[in-house]
Amino acid sequence: MPATPPASASALPSLDRLLRLPALSTLIDRHGRSHVTRLLRTHLQALREHIGNGQLSAVHLQQAIEGPALVAALDALLAADARLDLQPMFNLTGTVLHTNLGRALLPNAAVQAVTRAMTAPVDLEFDITRGRRGDRDARVQALLCELTGAEAATVVNNNAAAVLLLLNSLANRREVVVSRGELVEIGGAFRIPDVMRSAGARLLEVGTTNRTHPADFASAIGARTALLMEVHASNYAITGFTAKVGTAAMAAIAHEHGLPLVVDLGSGSLCDLAMFGLPHEPTVQETLAAGADLVSFSGDKLLGGPQAGIIAGRADLIARINRNPLKRALRMDKMGLAALEAVLALYREPELLVQRLPTLRTLARAQQDIDAQAQRLLQPMRAALAPGYTLEPALMHSQIGSGAQPQAQLASAGLRITSTRRGGLDRLARQLRQLPQPVLGRIADDALWLDLRCLQPDDEAGFLSQWNALQA
Ligand SMILES: *Cc1c(COP(=O)(O)O)cnc(C)c1O
């Protein structure tokens with residue numbers, strides 16, 4: 001209970017009177033009268049609730065509506081508003097392409113291309129040579145054909161849109177044959193059977209969860225079949241007693257019946273991951289060479305670009321897709337196109353790719369290099385940690401993320417924090433998320449793991465200086 005008499009709502013000054021307080025004039029100059037009015041209203045409402053609950057004494061209310069206290073309260077509300085912007089974070093989860101953290105980081109070339117597209121008129125749909133309307137996908141299509149060997153290509157907002165668009169364009173009111181082992185759900189609302197339904201296509205499941213044979217496909221094909229579809233097992237693995245038909249054999253069956261084979265590759269890499277010591281993942285080029293008529297994949301997974309859905313393959317099928325009105329609804333915006341073009345252009349110089357493309361550079365980082373970073377950070381980080389916590393360097397495994405090779409483990413290194421107190425790790429994880437640039441690690445096996453693979457050397461100093469603020 002307040003020691004002094006409780007405040008009464010009638011003691012609250014009017015909004016107009018508060019807006020005239022000299023103390024607020026700087027805030028009004030900086031943020032405008034309407035924004036400050038909105039914040040004041042929010043603040044007065046909070047005070048009214050405290051009064052209603054009997055939580056505020058008359059003396060405290062008097063202090064709360066004086067200039068300095070008001071300014072402090074409004075500053076806090078402004079800071080909360082600023083937190084609604086997308087905030088940079090430190091991704092120390094060990095998952096390189098983290099969907100919740102925005103997946104691929106873009107190279108400088110793409111950032112510059114996006115800035116140009118945002119700040120000046122650009123020839124997005126204009127043919128400068130001929131002086132007339134041009135095709136917005138022409139540049140990106142030329143690059144994709146050059147890099148993948150495809151006849152044609154088209155791009156949309158993301159790979160989910162690409163799959164929806166191609167099914168709707170090629171299989172509306174007809175059947176699509178898919179193996180039961182590939183009816184996947186990709187985080188949240190993307191499930192192959194649901195997308196199929198939304199696209200107006202009828203799903204014909206064949207085989208079993210663990211084994212599907214060529215004869216399963218061949219015997220399922222009928223008069224209503226539009227195409228055969230292969231979905232890359234991107235976020236799971238079926239192991240043990242298994243059989244799958246494979247792209248080349250599926251293509252042979254499809255072509256025997258005059259049908260196209262469509263492959264949803266998911267991550268869809270354009271370069272061989274074996275060069276990072278990872279298991280080989282079928283590339284877009286290989287999948288097309290194996291006989292796929294269309295391949296779809298994401299722009300912001302292993303490709304290392306912006307959010308996009310790319311479809312590459314046979315020119316006649318791409319033309320049908322481009323004629324679908326849905327293409328217009330799902331098309332990419334100029335910022336995404338600018339970034340995608342810039343990223344694809346880097347693939348023309350494959351020897352320099354690992355240096356230039358942040359996703360590949362991060363995936364390629366050697367354990368030794370990451371471990372050396374852990375050793376550098378060890379002492380200063382220990383110094384700022386509260387008593388009761390132990391921090392030590394540790395070897396660990398990172399993942400590619402975004403469903404690429406879920407079982408592949410990248411040898412990595414970082415720091416392992418343990419706590420002698422109950423709930424200590426959760427408390428520390430929360431404190432780390434409350435830092436100016438929130439730090440996200442991973443709690444497992446009674447430890448908080450900070451995988452340093454994604455901590456870029458340029459960001460090390462910034463990371464340390466805010467780590468030092470932990471104690472405060
Ligand atoms: C990730 C993925 C998708 C969805 O791609 P988005 O670009 O996230 O829309 C679809 N299919 C597969 C197999 C995937 O791995």
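The values are calculated or read from the model by the stated rules, or taken from the named source; none is laboratory data. Remember, it's a predicted structure, so these values are computed and weren't measured experimentally. We place every Cβ from the backbone using ideal geometry, glycine too, and count neighbours over all the protein chains shown. Calculation scope for accessible area: heavy atoms of the full protein, side chains included, ligands and nucleic acids excluded. Shrake-Rupley method; radii C 1.70, N 1.55, O 1.52, S 1.80 Å.
Counting only DSSP beta bridges with both residues in the chain, the antiparallel share comes to about 60 percent. Its DSSP H runs of at least 4 residues, each contributing -39,500 (n - 2.57), put the calculated 222 nm mean residue ellipticity of the chain at -12000 deg cm²/dmol, to the nearest 500. Prolate is the label for region 116-219. Its Cα gyration tensor axes, ordered a ≥ b ≥ c, give a/c of at least 1.5 and a/b above b/c. Using 0.36 nm per residue and subtracting the Cα-Cα separation, the extra length available between residue 348 and residue 335 on full extension is 2.6 nm.
If you wrap the tightest convex hull around every Cα atom of the chain and split its volume per residue, you get 217 Å³. Averaged per residue, the chain has 48 square angstrom of accessible surface, using a 1.4 angstrom probe with ligands and nucleic acids left out. Most tightly packed first, judged by the mean number of other beta-carbon atoms within 10 Å of their residues, the peptides 62-68, 120-126 read 62-68, 120-126.
Partner aspartates and glutamates whose Cα lies under 17 Å from the Cα of residue 301, excluding those fewer than 8 positions away in the same chain, are identified as 185, 264, 272, 281, 341. By how many degrees, between 0 and 90 and to the nearest 10, does the Cα long axis of helix 138-148 differ from the longest principal axis of the chain? For helix 138-148, the angle is close to 60 degrees. Using the alpha-carbon atoms, what tilt in degrees (0 to 90, nearest 10) does helix 108-119 show relative to the longest principal axis of the chain? It works out to around 70 degrees. Between region 282-333 and region 177-230, the C-alpha centres lie 19 angstrom from each other.
For region 354-472, the Cβ-based charge dipole about the Cα centre amounts to some 220 debye (Lys, Arg positive; Asp, Glu negative; other atoms uncharged). Ligands, DNA and RNA left out, the 1.4 Å accessible surface of the chain is 52% carbon and sulfur atoms. In loop segments of region 175-247 as defined by DSSP, there are no GluC sites (Glu not before Pro) with at most 11 further C-beta atoms inside 10 Å of their C-beta. Here the peptides 37-48, 14-25 are ranked by packing, the mean other Cβ count within 10 Å, and the order with the highest first is 37-48, 14-25.
Just how far, in whole angstrom, is region 129-170 from region 384-415 if you go by their alpha carbon centroids? So the two Cα centres are separated by 38 Å.
Summing charges over all other residues whose Cβ lies under 14 Å from the Cβ of residue 263, with Lys and Arg as +1 and Asp and Glu as -1, gives -4.
Compared with the dominant principal axis of the Cα atoms in the chain, helix 247-256 is inclined by about 50°. Multiplying the residue separation of residue 59 and residue 8 by 0.36 nm and subtracting their alpha-carbon distance yields 17.3 nm.
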